[in-house]
Amino acid sequence: MRSGVTVAILAGGKSSRFGGRDKQELLFDGEMLGRRVARMALALGAPVIVAGSNPRPYTGMDLRLVGDARPGFGPLSGLHAALEAASTPWVYLMACDMPYMEETWLDRLLELAAAGEGQGVTAIAAERGGKIEPFHALYSRPLLPELDELFDGPRLDLRRYSITSFMREGQGLIVPEESAGLSCPGWAIFRGINDAEELAALSPGYRPPVPGETV
């Protein structure tokens, strides 16, 4: 069933809350954070793409690193790059700073995608607390022309270029919180690491990096 999906990891952006250090290179339980996420992605048995420019965390791994073809639009640029590079109908979007995975959730999304085939659904994501979770969500390749149209249009407030805003305006299928929670116990997979305090809470061995230090 997973033959129709590519797993994509967004690994771009600036790590300003870590002093500019690339977040995907931070150690999580003794392993580079980005490499941990990629290892979980590869275990799903689907092709894996990393949308980013730093190959270091992924040395020796069986995946593709792709850059943004349409830079300047934040995470939407990464989603566009992943969709363009994928050869499957769907892309399952992960982030390099979200260190957990729940296979039953991916399988649930793929079941919904199969059930909605031919109905024009272009994205499937969970809703929690009234907000759409843009990661650990499915996106279809027919979104590419819609993204190109958005990028080619007039430049708007950058907040307009969020994945959730784009999804709300498209043909997205939102999985209600009470239903999504059945496949996402504890909602751990949606927990990202945004600062040193969150990293320390999730990875007890973490210590703040020393300026100029290399991993």
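Each reported figure results from applying straightforward, stated rules to the coordinates on display, with no laboratory input. The structure presented is a predicted model; accordingly, all values stated were derived computationally and were not measured. Here the Cβ is made from the backbone with ideal geometry for all residues, glycine too, and neighbour counts use every protein chain on show.
For the pair Thr104 and Leu144, the difference between a 0.36 nm per residue extended length and the Cα-Cα distance amounts to 11.7 nm. Sorting the segments 87-98, 102-113 by their mean number of nearby beta carbons within 10 angstrom, highest to lowest, gives 87-98, 102-113.
What shape does the stretch 2-202 take by its C-alpha gyration tensor, where a ≥ b ≥ c are the square roots of the eigenvalues and a/c under 1.5 counts as rounded, a/b above b/c as prolate, and the rest as oblate? Because its axes are fairly even, with a/c under 1.5, the stretch 2-202 counts as rounded.
Neighbouring Cβ atoms within 10 Å as the yardstick, rank Glu31, Glu149 fewest first.
Numbers: Glu31 15, Glu149 9.
Arranged by neighbour count, lowest to highest, Glu31, Glu149 become Glu149, Glu31.
A cut-off of 5 Å between modelled amide H atoms, ignoring neighbours fewer than 5 places along the same chain, links Arg128 with Glu133.
Going by neighbour counts of Cβ atoms within 10 Å, the residues Lys23, Lys131 line up, fewest first, as Lys131, Lys23. In the stretch 17-98, the inverse of the mean reciprocal separation of distinct Cα atoms equals 13.3 Å; this is its Kirkwood hydrodynamic radius. The amide H of Met94, built 1.01 Å from its N in the peptide plane, has Ala8, Ile9, Leu10, His136 as neighbours under 5 Å, considering only residues 5 or more places off or on other chains. All Cα-Cα distances of the stretch 52-168, cut into 10 Å bins from zero to the largest, leave 12, 43, 36, 10, 0 percent in each bin in turn.
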